[in-house]
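> The structure is given below, and queries will be raised subsequently.
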There are 2 protein chains.
Amino acid sequence: MWKNEVTKLLNINYPILQAPMAGGVTTSKLVASVSNSGGLGMIGAGYMTPAQIREQIREIKQLTPNNFGINLFVPNEIHATESEINTAMDLMKPFYEELQIEEKQAKVSSTEAALVNFHEQVKVVIEENVPICSFTFGIPSKKVVVELKENNILLIGTATNVKEAIENENLGMDLVCVQGCEAGGHRGTFIGGFEESLIGLMSLIPQVADQINIPVIAAGGIMDGRGLSASMCLGAKAVQMGTAFLTCQESGAHHVHKEAILHTTEDEIVLTRAFSGKWARGIKNRFITEMKEHEDGLPNFPVQNTLTQQIRGAASSQNNQEFMSLWSGQSPTLAEHQTVEELISKTMSEAKAIMT
Amino acid sequence: MWKNEVTKLLNINYPILQAPMAGGVTTSKLVASVSNSGGLGMIGAGYMTPAQIREQIREIKQLTPNNFGINLFVPNEIHATESEINTAMDLMKPFYEELQIEEKQAKVSSTEAALVNFHEQVKVVIEENVPICSFTFGIPSKKVVVELKENNILLIGTATNVKEAIENENLGMDLVCVQGCEAGGHRGTFIGGFEESLIGLMSLIPQVADQINIPVIAAGGIMDGRGLSASMCLGAKAVQMGTAFLTCQESGAHHVHKEAILHTTEDEIVLTRAFSGKWARGIKNRFITEMKEHEDGLPNFPVQNTLTQQIRGAASSQNNQEFMSLWSGQSPTLAEHQTVEELISKTMSEAKAIMT
């Protein structure tokens, strides 16, 4: 059970992937520690430039001889009218004042520029021989898939419902990561409604496993051996853990973010699109609460994300958790401040004890 | 693992409870078949009169010598202004016309009358010696709990988050059923926000199990041996299955309802409060879609439920699924039309095969 087609494909000892959390969490130390401890470390490269990606890949290779992976955001069409942007900026004025920062003109990317950047990211992944590449927010073009596969790169797609899993399989993905509604951070939904795609793993894993042939990796709320063994029972062949790695010593998450997770409860975790224009799960704070009544009208990702960049940055510098995006899955009370090695070995021994 | 404190407490062979689905699903035949097959059959008595409850209990006792249970709705304060009711009625006028029925004056219950009815229901449960009683939509008074326990009735509370589970334990409940976001039908939430209490079982079971001492029963999206074994891995001692029993031959669900579940997909299952004024999960249809933009302003349960009674009734008579409440959990593609005995024996053998 613990050694299966996924551990073989990924060439890892344990069926545990570290979720590629974007925004500075996946330091080289975190990624390498996971891979050195028998799991699969992954770079959350969605917001990184091609040059930054190249640098981090090279750094990680110095730290581990083992396989690791990388995750890219599939770009979506960017559209926001001048008036949508102005309305959103007006809504955020009070936060600029409260954080005592000056509003700078935000540079919103164009669809074309985002696509060019994505293709450059892919090029670096190929040039630097990263063995595993995953995608979220959509599926890449057939051309990109073929190119990566020709370079012997193993591909992992993301799905939040059965249709998305089937699309990933049809496109040629080698594995699919199913993101349950429990998951922290951004929702990967790209087919169908956001609400209809908030599916608990108890329902999502077996329904996907029944309808595709490629192996399923489960993500969302999994924190320990209980979650790992349960996911395997439901039909997953591995798990991807995010929040559990986020609070580890090696993670690059802001210490305020780590502390917030370690001190919150499951009923404080909510969904919001106020930070980025894309629905994401995190700890409720003033920014989420005060933007709530306006969030339906905010520009889509990545525009709103660009518009809140200064606020999030200033809040981080000021250690002010009320205006930071404190992404977390629905199991924060299971999070611990520990080393990656401790997390992985405890998870494996607990799972083995449960299943015997 | 399969014989544990819960099977002992409930005096059943297998750790499987049939969810007490209200509204005609839990026929005596269904309840008795579950208990005769080694699980715990349960009467969904929320909408039943004390006389109907007494009659069904006596009928079930003729059909099985084994334990069975009953579920009651804990009444909440009923408040709706004349204008709220009139607005809601106006919104429903087009449906009356479409179904070609005449609008009758709906009789909305008072808080006092609902409480009197609840106490009479409890009285019947005691007089008829039902061995197990569960509650949803809140917790009963300490007085009711004490009275039931003095009569050796085992009590099961419902929780959708950790705080609710703790409240149930503190009140003296013997077991707690945790309702994951995957669950079909009405949400049991009574402390905290509705959205914050939509917690997937992967997160909910272990977090509750860590914080209370009474045994946990898991409910939501569990349909087979995969769901049963996964729930046990996460820390539950038994499962409560609803949708899986609803499509069984012995269930009293409308044939249109059964067929709808057997032919839908997981991404058609949504949350709505349009039918009853309380959030509930079911298959999307025209009533849900057309009421969506107005649902925040509708009167609370049970007022809205009373107001939609005629529409639901007429839709049932006319086999019109667009205006029926087609409750379903998030795993409809795992549902089968089979006998209760088949469902229970397949679930157990699959779970045992997974865990060995």
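> Just name the residue that is modelled with the lowest pLDDT out of those in the stretch A:285-297 that are of a type outside the set (D, E) and surrounded by fewer than 19 Cβ atoms within 10 Å (Cβ to Cβ).
Applying the filter and picking the extreme gives A:G297.
> Taking the options A:I153, A:I199, A:I205, A:I139, name whichever one is aliphatic (A, V, I, L, M) and over 21 Å from A:A280 (Cα atoms). Steps first, please.
Working: A:I199 fails: over 21 Å from A:A280 (Cα atoms); A:I205 fails: over 21 Å from A:A280 (Cα atoms); A:I139 fails: over 21 Å from A:A280 (Cα atoms).
Only one candidate passes the filter, namely A:I153.
> Among the residues of the stretch B:23-77, what is the count of those that are farther than 22 Å from B:E112 by Cα, among the hydroxyl-bearing types (S, T, Y) and not in a helix (DSSP H, G or I)?
4
> On the basis of being of a type in the set (G, A, S), in contact (Cβ under 8 Å) with a residue 24 or more places away in the chain and part of a helix (DSSP H, G or I), does B:A274 make the cut?
no
> So B:N76 passes all but one of these: (1) surrounded by fewer than 18 Cβ atoms within 10 Å (Cβ to Cβ); (2) under 17 Å from B:F135 (Cα atoms); (3) of a type outside the set (A, V, I, L, M); (4) modelled with pLDDT of 95 or more. Which condition number does it fail?
(4)
> May I pose another question? So, of the residues in the stretch A:164-189 that are in contact with a helix residue (DSSP H, G or I) (Cβ under 6 Å, 6 or more places away or on another chain) and in a loop (DSSP other than H, G, I, E, B), which turns out to be farthest from the other protein chains (Cβ to nearest Cβ)?
Filtering the stretch A:164-189 for residues that are in contact with a helix residue (DSSP H, G or I) (Cβ under 6 Å, 6 or more places away or on another chain) and in a loop (DSSP other than H, G, I, E, B), the one farthest from the other protein chains (Cβ to nearest Cβ) comes out as A:G172.
> B:G193 fails exactly one of the following numbered conditions: (1) crowded, with 24+ Cβ neighbours inside 10 Å; (2) within 13 Å of chain A (Cβ to nearest Cβ); (3) over 17 Å from B:P332 (Cβ atoms). What is the number of that condition?
Status for B:G193: all satisfied but (1).
> So B:A280 clears everything in (1) touching a Cys at 6+ places or on another chain (Cβ under 9 Å); (2) hydrophobic (A, V, I, L, M, F, W, C); (3) more than 13 Å from every other protein chain (Cβ to nearest Cβ) except one condition, right? Which one?
Every listed condition holds for B:A280 apart from (1).
> Return yes or no: is B:I199 hydrophobic (A, V, I, L, M, F, W, C) and within 14 Å of another protein chain (Cβ to nearest Cβ)?
yes
> Name every residue in the stretch B:214-229 that is in a loop (DSSP other than H, G, I, E, B) and at the interface with another protein chain (Cβ under 8 Å from one of its Cβ atoms), in order of residue number. Walk me through it before giving the result.
Step one: list which residues in the stretch B:214-229 are in a loop (DSSP other than H, G, I, E, B), which gives B:214-215, B:220-224.
B:G220, B:G221, B:I222, B:M223, B:D224, listed by residue number.
> Looking only at the stretch B:132-163, count every residue that is outside any helix (DSSP H, G or I) and under 20 Å from the mean Cα position of the chain (by Cα) and tell me the total.
Step one: of the stretch B:132-163, the residues outside any helix (DSSP H, G or I) are B:132-141, B:151-161.
Next, from what is left, pick out any that are under 20 Å from the mean Cα position of the chain (by Cα): B:132-140, B:153-161.
Of the residues in that region, 18 qualify.
> Let me ask something additional. Would you check which residues across the stretch B:258-276 are of a type in the set (A, V, I, L, M) and closer than 18 Å to B:E182 by Cα and list them? Please lay out each step first, then the result.
The first filter runs over the stretch B:258-276 and keeps only residues of a type in the set (A, V, I, L, M), leaving B:260-262, B:269-271, B:274.
Residues satisfying the conditions are B:A260, B:I261, B:L262, B:I269, B:V270, B:L271.
> With the requirement that a residue be more than 26 Å from B:F323 (Cα to Cα) and part of a loop (DSSP other than H, G, I, E, B), what does the stretch B:97-118 give you?
Result: B:S110, single match.
> Based on this model, can you work out whether A:V146 counts as surrounded by fewer than 16 Cβ atoms within 10 Å (Cβ to Cβ) and among the β-branched types (V, I, T)?
Taking the combined requirement at face value, the residue satisfies it.
> May I ask you to say which residue of B:G225, B:G185 is modelled with pLDDT of 95 or more, surrounded by fewer than 24 Cβ atoms within 10 Å (Cβ to Cβ) and closer than 20 Å to B:Q18 by Cα?
Numbers: B:G185 fails: surrounded by fewer than 24 Cβ atoms within 10 Å (Cβ to Cβ).
Matching residue, one of B:G225, B:G185: B:G225.
> Something else now. Specify which of the listed residues (B:I288, B:I311) is of a type in the set (A, V, I, L, M, F, W, C), assigned to a helix (DSSP H, G or I), more than 29 Å from B:N36 (Cβ to Cβ) and within 14 Å of chain A (Cβ to nearest Cβ). So that I can check it myself, show each step before the final result.
On the way: B:I311 fails: within 14 Å of chain A (Cβ to nearest Cβ).
Of the residues listed, the single one that is of a type in the set (A, V, I, L, M, F, W, C), assigned to a helix (DSSP H, G or I), more than 29 Å from B:N36 (Cβ to Cβ) and within 14 Å of chain A (Cβ to nearest Cβ) is B:I288.
> Here's a follow-up. Return the residue satisfying two criteria in turn: it lies in the stretch A:317-347 and is within 14 Å of chain B (Cβ to nearest Cβ) and not small (G, A, S), and of such residues it is nearest to A:L271 (Cα to Cα).
A:Q330
> What tally of residues in the stretch A:230-261 results from selecting those that are within 14 Å of another protein chain (Cβ to nearest Cβ) and over 14 Å from the mean Cα position of the chain (by Cα)?
9
> While we're here: Just to be sure, is B:Q211 in contact (Cβ under 8 Å) with a residue 12 or more places away in the chain and facing chain A (nearest Cβ under 8 Å)?
yes
The values are calculated or read from the model by the stated rules, or taken from the named source; none is laboratory data. Remember, it's a predicted structure, so these values are computed and weren't measured experimentally. Virtual Cβ from ideal backbone geometry, glycine too; neighbours counted across all protein chains shown.
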